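Q: Okay, handing you the structure first.
The values are calculated or read from the model by the stated rules, or taken from the named source; none is laboratory data. Treat the numbers as computed from the prediction; the structure is a model and nothing was measured. Glycine gets a Cβ as well: all are built from the backbone with ideal geometry, and neighbour counts include every protein chain shown. What goes into the accessible areas is simple: the full protein's heavy atoms, side chains included, and nothing from ligands, DNA or RNA. Shrake-Rupley method; radii C 1.70, N 1.55, O 1.52, S 1.80 Å.
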Amino acid sequence: DLSQHALAHVHHEDKALRIDQDVPFQEVNFQLASLGGQNDMRFTQQPGKVFYSTYCDFQGVQSLHLVMQGEQGKVTLFIVPLEDRMVLEEAFADNKYKGMGFATDNAYMLLVGEQSQDLNYVKNEIKQTFI
């Protein structure tokens, strides 16, 4: 279950929400390329402001952990290469964060933030810039 892992990860790495590295999308693409295998995952342009980008382990699968600017607040985005054993929920939450999950051709996208409008804002940016 990816959603519970995403929530736990955000709580555990809350320092990521305070970092501002202003990461260009080319650097994110470089990181994505090393995840890929046969998947050619990349952003075609800058998907808004990216504060933070690092690799993370998602249930044994090397993934990418980004912190992005939402409409008002920050949103954590996990890009997890597709794997059959994983279960993706479209909506999830705990007492602090809301989450949203969706799949692209190459990856599961998990968004975690405090406001639903921030999640929708980042989801729309991803859908326009990620292939």
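Q: Over the chain, what is the relative contact order in whole percent, taking alpha-carbon pairs under 8 Å and six or more residues apart?
A: Details: 261 pairs, mean separation 33.9, N = 131.
Relative contact order of the chain: 26 percent.
Q: Debye sum, Cα scatterers, region 44-95, no solvent: what log₁₀ I/I(0) at q = 0.18, 0.23, 0.31 1/Å?
A: -0.75, -1.06, -1.18
Q: What net charge is computed for the residues neighbouring L88, neighbours being all others with C-beta under 15 Å from the C-beta of L88, Lys and Arg scored +1, Asp and Glu -1? Write out the running numbers ahead of the final one.
A: Values: positive: R85, K123; negative: D1, E83, D84, E89, E90, D105.
Around L88, the charge tally is -4.
Q: Still on this model: I'd like to check one number: the per residue accessible area of the chain, probe 1.4 Å, reported in Å² as a whole number.
A: Values: 6520 Å² over 131 residues.
Accessible surface, normalised per residue, equals 50 Å².
Q: Moving to a separate point now. For the chain, with a Gaussian network of springs between Cα atoms less than 10 Å apart, report the residue from K15, K98, K74 with the top mean-square fluctuation.
A: K15
Q: Hey, another quick one. Quote the Stokes-Einstein diffusion coefficient, in whole µm² s⁻¹, for region 20-131, based on the Kirkwood radius over alpha carbon pairs, a temperature of 20 °C and a viscosity of 1.002 mPa s. Working shown, then result.
A: On the way: Rh = 13.9 Å.
D, rounded to a whole number, is 154 µm²/s.
Q: Pop out the carbon and sulfur fraction of the accessible area of the chain as a percent, whole number, probe 1.4 Å. Please list the in-between numbers first.
A: Details: 2900 of 6520 Å².
Result for the chain: 44 percent of the exposed heavy-atom area is carbon or sulfur.
Q: Quote the relative contact order of region 55-131 in percent (integer), defining contacts as alpha-carbon pairs under 8 Å separated by 6+ residues. Walk me through the intermediate numbers first.
A: On the way: 141 pairs, mean separation 21.6, N = 77.
The normalised contact order for region 55-131 reaches 28 percent.
Q: Here's something else I'd like to know. Where is the GNM fluctuation largest for the chain (alpha-carbon springs, 10 angstrom cutoff): E90, E114, E13?
A: E13
Q: What fraction, in whole percent, of alpha-carbon pairs in region 1-83 exceed 22 Å separation?
A: 23 percent
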